[in-house]
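Just below is one structure, and these are the notes that go with it.
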Amino acid sequence: MAVDNEIALARQQVEVEANDEQGEQQFADGFSGKTVIGTLFVALIMLPGALYLGLVAGQGLGPAAEWVTIVLFSEIMRRSFLPMRRQEIYILYYVAAALTGLAADKGISGGSFGYLIWAQYFIQSPQAAIVAHSIPGWVVPPAGSPALLHRTFFSAAWEVPIGLLVIGELLGRFNWISAGYFLFRITSDLEQLPFPMAPVAASGATALAEAASKEESWRWRVFSIGSMVGLIFGFLYIAIPVFTGVVFGHALQLLPIPFLDTTVNTETILPGAITGFNPNIGNALIGFVIPYPIVAGSMWGSMIFRVLGAPFFYHLGVFGNAATGGWSPGMNGIYTKQVTDIKFWMSVNIGLQIAVALIGASSVIKVLSDARKNRANRGMRKELPKGRGDLPMWIPLVIWVTVTVFYMLLCEHLINGDGHQFPAWLLIFYGLIWSPFNSYVSARMNGLTGSTVSVPFLKQISIMESGYTHVDAWYAPIPLNDFGYLAQRFRELELTGTKFVSLIKAEALMFVVVLPASFVFWAFFWHTNQIPSSQFPFANKMWPIAATFEAMFDRINAKGGGMQWVHQSINYSRIGWGIFSGLGLYGLFSLVRIPVLFFYGFVGGIGANPPDVITTFIGAYLSKTYFEKRFGLENWRKYTPVLLAGFSCGTGLIAMASIALALIAKSVNYLPF
């Protein structure tokens with residue numbers, strides 16, 4: 001009962017943060033002519049900018065793509081006496097967010113066709129010579145193909161790769177929308193989890209809608225304050241390094257990026273520990289939004305196991321040593337986390353995830369049992385919000401399973417043949433066991449703590465353990481997914497009063513507009529210049545390095561090859577100890593009446609990066625001890641998500657401006673006068 005009350009209070013806090021209006025939530029369609037124009041703007045203006053920026057500077061548009069688009073359109077519509085409603089603003093925000101994705105090691109942005117451009121480079125690169133002959137034609141035309149020599153997509157050799165990409169884009173939308181909606185109904189409607197980060201986008205959309213309609217309230221003032229803080233911080237953290245790097249050839253960092261790393265300095269007294277501090281104010285503002293017990297639990301979990309307990313685990317030998325490819329003195333914080341994760345924490349975290357899933361399953365069973373006794377809408381809450389646009393639960397479940405089975409059959413068709421026999425049990429495990437399980441755990445952790453969980457290298461490890469030795473497994477559309485974070489999308493729709501069908505309409509429009517735009521712009525850039533080349537400095541420098549690593553990973557399951565550390569990274573006894581420890585900690589915390597949210601934060605903190613967690617805790621501590629008293633608990637809870645949304649907007653705007661100036665400066669450097 002105490003657990004239910006605690007989660008209910010956190011849920012109530014989120015409701016207050018997102019909307020302080022009284023009365024029943026009114027839902028409206030966010031898809032309109034305004035959002036159609038906004039989508040065209042994103043596809044025709046923002047997308048080529050994101051594409052070019054990634055290849056030239058290795059930078060993504062990030063929050064700039066979202067906030068620049070909605071601020072621009074909000075102002076245009078306001079001056080046209082056609083103010084945008086918050087439902088329309090949120091859908092436009094959602095469409096623009098599609099451009100924030102970036103393959104950081106390759107600088108690939110600007111839509112899905114960028115990955116075909118990468119594939120054509122990789123198969124022709126010297127680094128891929130040892131595996132190029134084994135890459136199937138349904139991935140990319142073979143090296144020496146006229147389609148590659150003439151740098152054109154208009155060739156029969158591209159029909160199957162492009163066809164698979166289009167099928168993946170279409171079915172992928174069916175897959176994640178159905179999975180995200182199903183997980184939302186379980187975690188939000190059934191378990192009533194709070195989703196503490198959902199009010200950020202919702203509050204930002206509401207603030208801009210109020211400003212656009214000349215009904216400015218406290219939201220716009222708080223949003224503006226956050227934007228100014230973001231502008232100042234972005235100037236110090238992003239603009240100065242970007243511009244000085246272009247002008248002087250060396251980036252001046254007033255604030256360390258990505259964090260102040262003291263791991264090497266403390267390794268004598270804390271071997272294997274990750275120490276440092278992240279000066280990113282955004283992390284502190286996140287601490288304002290997430291419930292304090294979660295942040296405190298995350299800080300203690302990270303400090304106890306990743307910092308203070310690291311020497312104990314190191315002396316036990318679980319982190320390995322230099323001879324075994326494990327941790328060794330001299331490694332910085334990033335390498336320390338990677339190595340210790342692979343050597344030890346990966347297995348433990350899998351066990352902890354299983355424990356979280358078992359706890360969540362017991363919670364769902366209890367709610368369903370109680371609801372059945374009360375005959376309350378077959379396990380859901382008594383009455384779903386009117387006008388939200390809900391479907392019977394079986395429909396998204398059937399769509400999810402059907403698409404997953406199709407992918408399994410497609411993989412069987414693509415991979416098997418020529419003596420290749422990919423284990424069918426592994427596809428079943430990926431699609432029907434692990435993906436639903438991991439997605440539920442991830443959605444539940446997102447609903448409780450605002451962050452998801454993941455298991456790195458699971459695909460590589462499981463394929464190696466299966467004994468399958470061919471390269472094509474790394475390119476097949478294997479249904480190994482984590483849809484957990486998508487449950488929050490539907491929670492954001494709910495908080496902004498946007499009908500769920502609006503998202504489906506937006507995705508349909510993006511499929512027929514953004515995907516063709518990606519094809520056109522990537523085909524144009526590739527046909528005019530080889531990618532990579534001197535015209536694209538970041539890609540020219542980083543793609544050969546990325547090709548080396550990809551060729552190496554393509555060989556890890558080869559006969560007589562492979563990497564021993566990958567084989568050693570999954571330890572079943574440690575997974576068992578992780579399950580036992582997770583359930584034991586839950587029981588212990590419940591026994592001594594420690595808040596259940598503290599437990600979930602504690603478990604999440606074990607896999608977190610300590611410098612990030614410390615900054616978030618500082619924000620949460622200041623929020624609890626000063627700001628809540630200064631502004632009042634209820635008012636401060638309303639302010640925090642709007643403040644964070646404004647900060648993201650300000651940081652995104654200064655990032656876009658600084659990168660634009662940097663690109664202009666680079667262009668001027670090549671002019672002959």
Evaluate the following for Ile186: is it in a helix (DSSP H, G or I), farther than 30 Å from Ile37 by Cα, free of Cβ contacts under 8 Å to residues at least 60 places away in the same chain and aliphatic (A, V, I, L, M)? no
Please state which one of Phe553, Phe589, Phe511, Phe580 is at pLDDT below 85 and in a helix (DSSP H, G or I). Phe553
Count of residues meeting criterion [touching a residue at least 60 places away in the same chain (Cβ under 8 Å) and either over 24 Å from Thr402 (Cα atoms) or in contact with a Lys or Arg (Cβ under 9 Å, 6 or more places away or on another chain) (or both)] in region 473-486: 4
Just name the residue that is modelled with the lowest pLDDT out of those in region 351-396 that are in contact with a Gly (Cβ under 6 Å, 6 or more places away or on another chain) and surrounded by 17 or more Cβ atoms within 10 Å (Cβ to Cβ). Ala371
Considering region 463-481 alone, what residues qualify as being of a type in the set (A, V, I, L, M) and at pLDDT 85 or above? Ala476, Ile478, Leu480
Give me a count of the residues in region 139-161 that are assigned to a loop (DSSP other than H, G, I, E, B) and either among the polar types (S, T, N, Q) or surrounded by fewer than 17 Cβ atoms within 10 Å (Cβ to Cβ) (or both). 8
Condition test on Ser648, is it part of a helix (DSSP H, G or I), of a type in the set (Gly, Ala, Ser) and at pLDDT below 90? yes
Single unsatisfied condition, Asp612 versus (1) within 14 Å of Leu285 (Cα to Cα); (2) at pLDDT below 85; (3) acidic (Asp, Glu): (2)
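The values are calculated or read from the model by the stated rules, or taken from the named source; none is laboratory data. Note that the coordinates shown come from a computational prediction; the quantities given were computed from them, not determined experimentally. Cβ coordinates were reconstructed from backbone atoms using ideal geometry, including for glycine residues, and neighbour counts include every protein chain displayed.
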